[in-house]
Structures are given as C-alpha cells and as structure tokens.
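The values are calculated or read from the model by the stated rules, or taken from the named source; none is laboratory data. Keep in mind it's a predicted model, so treat the numbers as computed, not measured. Cβ sites come from the backbone with ideal geometry, for glycine too, and all protein chains shown count toward neighbours.
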Amino acid sequence: MPQDIHSRPATARRSTNLSGTIRVPGDKSISHRALMFGGLAAGETRITGLLEGEDVLNTGRAMQAMGARIEKTGAEWIIKGVGNGALLAPEAPLDFGNAGTGSRLTMGLVGVYNFESTFIGDASLSKRPMGRILDPLRQMGVQVKSSEGDRLPVTLHGPETASPIIYRVPMASAQVKSAVLLAGLNAPGITTVIEPVMTRDHTEKMLAGFGAALSVETDRDGVRTISLEGQGRLSGQIIDVPGDPSSTAFPLVAALIVPGSDITIGNVLMNPTRTGLILTLQEMGADIEILERRLAGGEDVADLRVRSSALKGITVPAERAPSMIDEYPVLAVAAAFADGTTVMLGLEELRVKESDRLSAVAEGLKLNGVDCAEGEASLTVRGRPDGKGLGNAGGSQIRTHLDHRIAMSFLVMGLASEHPVAVDDSTMIATSFPEFFDLMTRLGATIEAEDC
C-alpha cells in the first residue's frame, strides 16, 4: 500500500540499559479540564505543567472561540474566563482534530446553550460514536443534527432553558459522566449522575475546586451518586498539572522489558482511578518503587523508580479496566515478554477509542510474532521472556490507524524484540506526547522516525 505523503514511519530496535531521570508531560485529562474550567470560570486561572499536545490545544482553541482569553507567558498559561453561563456562540465549527475527550466534554459544556455549535474532527475522530454523549443531551432539551450513527460532524442547539436530569451512566465512561455534569452547569436545579462503576474522578474534584456546588455519595455496593447544582459561580484557580499516567506507561514498560534498565519518572499522577496499570504490572512481578508520595493540587502524586524485571503472565480482571483503559495496548506489549499467559478481560471500551484498539493491538502483535488471541472483549497473550523471534525481520509496518497509543506501544515493543518493530506513522504521537522521541532516546532507546 503506498505511504501517505503526510505520514512519518518510525522504527525501534533492540536496546539495553535504559537509564536516567525524566518527567513526562502533564496529565491529558486534567489538562483538558483545566482549560475548559478556566475558560468558563470568572476571573483568572493560571496553569503550569499543561500538556501542550494537539488534543489539549484544540480544546483551548475551542474555549477561545467561545470567548475565553488564553495566553502563554513563559511556562505558565493564563486564562481569563467568561463566567459560568456566559459562553459566546462560536462563529465557525469547533475543530477538535483527534481529541475524543475534548470534543465530548465540550459538547456537554456548550450543547445546552441557546445557540448553535458545530463539532468537527479528523478522519479518526469522525468514525467514533458520539451517541453516548448526545443521548443525555437530548434528554436535557438539546436539538441534535449529526452524521449517520451519531458521528461527527455534529451540530447542537440548546433550549431556552435546559432541563436538569437524573442520568444513570450505561457504561464505565468518565467522558459521559463529565459531559452530563458540564451540561448541568448551565441548567437550573440539580443534575444528578449515577455511576455504577467508578471512573476517573478529575471532573468532580476540579469542579469542586473551582467552586461548584457538588456532592458525591457512594453506597455500600460502590454505586456513586454525583449531584451538581446548576448556574452557580465558578472562580479562577491556580493549577499545577501532574505527569500523565498514560504517558508514563511507555517509558515505564520499556524499562521493565529492556535488560539492565533503571530509570526514575518524576511527578506522576497517582489518583487511584488511574493506577490500574501499575498495580497490574506489580502483580506480574514488576520492580516499581513508589517514592515521595505527596499531595499536589488535591491530587496524589509520586516519583517512580522502575528496573528491568522478569514478568509473569496473569489474568487481569474486568473490573480493573476503567482504571487503565488507555494502557491496555502497552500492557499487551509487556505481556509479550512475560513468562506464561496473560488474559485481559472487560475490554469492550477499547473498540470505541481512536481506533478499534483491541483489533489493532492483536493485529500488531501477530505481525511481530506474538502468540495472541482476540475475543469480543478480551485479549490473551502468550509471552516470550527473551524476545526471541519477536519483531519483524522483513520490516513490515504496523498499521497504527491514526492512533497515538498504538504507535507508541509498538515502538516500545521494538526495544526488547529480537527484530526491529516498525509503525506506518508516528505523526499523531504529538497529540498526547510530543516529547516521546526525545525522552525515549535520552534514556538510551534506539528509536527513530523517518525524516519528513
């Protein structure tokens, strides 16, 4: 198949002795929300540590299009917000590129306003289902026009006064929960979200920090009821964004599988809703030392010391999926070098990410010699601890499907495989981890992208 002129293939080769101390970019989930809430709040919000990937910057551009003033001074982002309920109608479609989080949360935020807003994105985002966000918005009185299957482009027009709802989230999705809560900010009365399975809770924590009247109750079965009083005042805040656990996953797994490695990753977010990968790898025998636990901006953070380890296969329970949903591709890579069989369950959400990640991972593993089996919502990987036979001696490239996590995961795989591992494109890595290549090569990884 001819190579797209805008793509940038990349190759990773067997490496040894990764070492050094690094700090990964700011957490993507918190960065999106920091720009959104700062743009909505009255007064000034100052942000350090913001992830400056394309996905997050697209969220910032959308907030600017609706009246927020955003500028960067040195290492600090300064936002002058419009005030809750005072967003302006965008004059052009809001282009979110590849950003699923940014587009879905912003639909909730602005969809209930009594004006028209249109959402567009790149080819990958335009294939992703938006119905899970649009359904509760319809219940609140929002008129929706969308492409077939509730996909982008989507045009929303809110009612004169939005109706608060009680909404039970039908799947474990922080995006759906957050979109409904954000819609509730501009609805009179109490908007309630019932969450049977806890997902990442940055929206609740940050809304409360900005001054929203919000309560969370958890019953004895673990069902969470989140109630938000609409039309309240939000006030600007000072935010220091901790390191993204999902980006941390790549150098972390690389250090585990590359012989002789010993690295330290500083200032990593350790929110309990985001640490499923660390727990899973520790169960597999990973040498991950958690250092200097501390609180920063209401969030748990720590430094991680990671040394190469002899991993063993385990079964990862389905209920752990919400705490590590973005990390399964790189976990599958770790499993490829583990002794025995690793079974990952509860993976249905992987099919509606930037790509059908479950199929993309299985396809990439098989292309590079890994014995694996893909189920409807599961993945089974039988590992080769020495990496013998893994990789692709013929240079065949993995199809990344415009998915940054597929690209980075398989480049990590190439660092411990007998043969190189190549991906068909690496340009989209900039959406979430623009420093990926520099950071990995600084640790000693043999990894390179072709010149454009």
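Among the residues of region 26-43, what is the count of those that are in a loop (DSSP other than H, G, I, E, B) and surrounded by 24 or more Cβ atoms within 10 Å (Cβ to Cβ)?
Result for region 26-43: 2.
Among (1) more than 26 Å from Leu35 (Cβ to Cβ); (2) touching a helix residue (DSSP H, G or I) at 6+ places or on another chain (Cβ under 9 Å); (3) surrounded by fewer than 23 Cβ atoms within 10 Å (Cβ to Cβ), there is one condition Pro259 misses while meeting the rest; what is its number?
Condition (2) is where Pro259 drops out.
Restricting to region 110-165, count the residues that are among the hydroxyl-bearing types (Ser, Thr, Tyr) and under 20 Å from Ile226 (Cα atoms).
The qualifying residues number 1.
Taking region 286-303, which residues are surrounded by fewer than 16 Cβ atoms within 10 Å (Cβ to Cβ) and at positive phi?
Glu292, Gly298
Restrict the check to region 98-121 and report whether at least one residue is over 18 Å from Thr203 (Cβ atoms), modelled with pLDDT under 95 and in contact with a Ser or Thr (Cβ under 8 Å, 6 or more places away or on another chain).
Among the residues of region 98-121, at least one is over 18 Å from Thr203 (Cβ atoms), modelled with pLDDT under 95 and in contact with a Ser or Thr (Cβ under 8 Å, 6 or more places away or on another chain), which makes the answer yes.
Say we look at region 44-59 and pick out the residues that are closer than 12 Å to Ile70 by Cα and of a type outside the set (S, T, N, Q); which of these is surrounded by the most Cβ atoms within 10 Å (Cβ to Cβ)?
Result: Ile47.
Collect the residues in region 207-262 that are among the aromatic types (Phe, Trp, Tyr) and within 30 Å of Asp386 (Cβ to Cβ), keeping them in residue-number order.
Phe250 - this is the single residue of region 207-262 that is among the aromatic types (Phe, Trp, Tyr) and within 30 Å of Asp386 (Cβ to Cβ).
Being of a type in the set (Val, Ile, Thr) and either over 21 Å from the mean Cα position of the chain (by Cα) or in the same structural domain as Pro129 (by TED's automatic domain parsing) (or both) is the requirement here; does Ile325 meet it? If you could, list the steps in order and put the result at the bottom.
On the way: of a type in the set (Val, Ile, Thr): yes; either over 21 Å from the mean Cα position of the chain (by Cα) or in the same structural domain as Pro129 (by TED's automatic domain parsing) (or both): no.
Against the criterion (of a type in the set (Val, Ile, Thr) and either over 21 Å from the mean Cα position of the chain (by Cα) or in the same structural domain as Pro129 (by TED's automatic domain parsing) (or both)), Ile325 does not qualify.
Aliphatic (A, V, I, L, M), within 24 Å of the chain's Cα centre (by Cα) and farther than 22 Å from Ala99 by Cβ: does that describe Val180?
No: the conditions fail for Val180.
Based on this model, can you work out whether Gly222 counts as part of a loop (DSSP other than H, G, I, E, B), touching a strand residue (DSSP E or B) at 6+ places or on another chain (Cβ under 6 Å), at positive phi and not β-branched (Val, Ile, Thr)?
no
Name the helices (runs of 4 or more DSSP H) wholly inside region 345-452 in which the number of residues that are buried (at least 22 other Cβ atoms within 10 Å of the Cβ) and out of contact with any strand residue (DSSP E or B) (no Cβ under 9 Å at 6 or more places or on another chain) is 2 or more.
404-414
Suppose we filter region 104-138 for residues that are in contact with a Phe, Trp or Tyr (Cβ under 7 Å, 6 or more places away or on another chain), part of a helix (DSSP H, G or I) and more than 22 Å from Gly236 (Cα to Cα); how many remain?
The number of residues fulfilling the criteria is 2.
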